[in-house]
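Remarks on the structure that follows.
What follows draws every value from the coordinates through simple rules; no lab data is involved. In this text, all values refer to a predicted model and were calculated from it rather than measured experimentally. Here the Cβ is made from the backbone with ideal geometry for all residues, glycine too, and neighbour counts use every protein chain on show.
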Amino acid sequence: MVAVSVIVPAYNMERYVERAVASVLRQSLAELEVLVVDDASQDRTAAIVQRLALADPRVRLIRLAVNGGLSVARNAALAEARGAWIAILDADDWYAPERLEKLVAAGRAGGADLVADNLSYVMEGYLAPWQTLFPRRGPSPFALSPADIIRGSGAGYPKTVVSIKPMFRRAFLEAQGIRYRDALRAGEDGDILLRCLARTPRVLMLREPMYHYLVRRSSLSHTIGDDRLLMIKRFNEELLELYRAAPEMQRWLRRRGDRIDRYLRMKEILVPLSRLRPARALVALARDPGILPYLAAYVGYGLGYRLKRRAILAFLPKAPEGAAPPLGVRG
């Protein structure tokens, strides 16, 4: 019997995918399978996974001929998953050794359809996490409601609650007909989480950080494209209909839509600035002076966040230069 199917979508992840798969294979819960979906990679990702599959039959490689994005890759694995539970692992992240065992036990004890744990954020090149999503101290397990999820999310802001990586009861997903939206190439985790929570009351959360989330330097300056933001907004409007009987969620979803609109307006100024085109940014600001207070708050928040991270990283141990990504983290 397969207790957990772990889905690992991978696109050009030759540097990281072996660590991700190794963290699953060393789990204290042995009754599992690892479904790695190679999303038409152009590097050695598929070859590395094929080698791992030959060494351990719990690893299965699924190859896509055309790159479809995270949602398409995850759905391809869901179609073949056999586990009672479905867990997601991004190919550059990794699990603590007892993660799956503890999540399965908590899900069974609490009768939950969704169960998740805290996240630790590890900056690439360092050996210890610089922060966690939730404080480590406090009651555990605790419950997150749909309103808790949407209240803690916001377009363009780091460290949002929708970053959690819940484990889903497969029978629940199948009974509700829930899959990732193929068209969605940003915000996939939050979208499926909120659609699930429209049909089940809560996510059961463990406070222990057992999912290690890698913050890659190449992603620090990444901004979501306008087309993807508009897609998130479109599906946000569908969520409004899904939560039509929940007034509090209606209010928060509308606020979320407003935040997306404001972020799109801010990008008219931020993108030219990032490309060293201040004149174009000033023209955009002159067209939309009402965005200035929100822009100032956004920039101030982001600057404070980066300064805090830099101060903490100064005291954390670094990985040796050029070394392969380590499997464990300290702290």
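Which value at 222 nm does the chain reach when only helices count, each DSSP H run of 4 or more adding -39,500 (n - 2.57), with the total divided by all residues and rounded to the nearest 500 deg cm²/dmol? Please report the intermediate quantities before stating the final value.
Details: 11 runs with 141 residues, N = 331.
When only DSSP H runs of four or more count, the value is -13500 deg cm²/dmol.
Can you give the FRET efficiency for Leu282 and Ile312, using 1/(1 + (r/R0)^6), R0 = 22 Å, r = Cβ-Cβ distance, to the nearest 0.05? Can you show the working numbers first?
Values: r = 35 Å, r/R0 = 1.58.
Computed FRET efficiency for Leu282 and Ile312 comes out at 0.05.
Each peptide in 85-92, 293-300 gets a packing score, the mean of other Cβ atoms within 10 Å over its residues, and the list from highest to lowest is 85-92, 293-300. Mind scanning Lys102/Lys233; Lys102/Lys318; Lys102/Lys267; Lys165/Lys267 and naming the pairs with a C-alpha gap bigger than 32 Å? Those over the limit are Lys102/Lys233; Lys102/Lys267.
Computed from the alpha carbon atoms alone, the convex hull of the chain holds 151 Å³ per residue.
Would you mind giving the average projected area, over all directions, of the Cα convex hull of region 13-92 in nm² with one decimal?
Numbers: hull surface 19.9 nm².
Averaging across all directions leaves 5.0 nm² for the Cα convex hull.
Other residues whose C-beta falls under 13 angstrom from the C-beta of Pro139 contribute a net charge of +2, scoring Lys and Arg +1 and Asp and Glu -1. Each Lys and Arg adds +1 at its Cβ and each Asp and Glu adds -1 at its Cβ; summed about the Cα centre, the chain shows a dipole of about 980 debye. The order of the peptides 116-126, 282-292 by mean Cβ neighbours within 10 Å, most packed first, is 116-126, 282-292. Here's the picture: charge each Lys and Arg Cβ at +1 and each Asp and Glu Cβ at -1 in region 59-148, and of Ser120, Ala106, Pro139 the one pushed furthest to the positive end of that dipole is Ala106.
Candidates Pro293, Ile232, Ala91 compared by Cα position along the dipole of the chain: farthest toward the positive end lies Pro293, with charges placed on Cβ.
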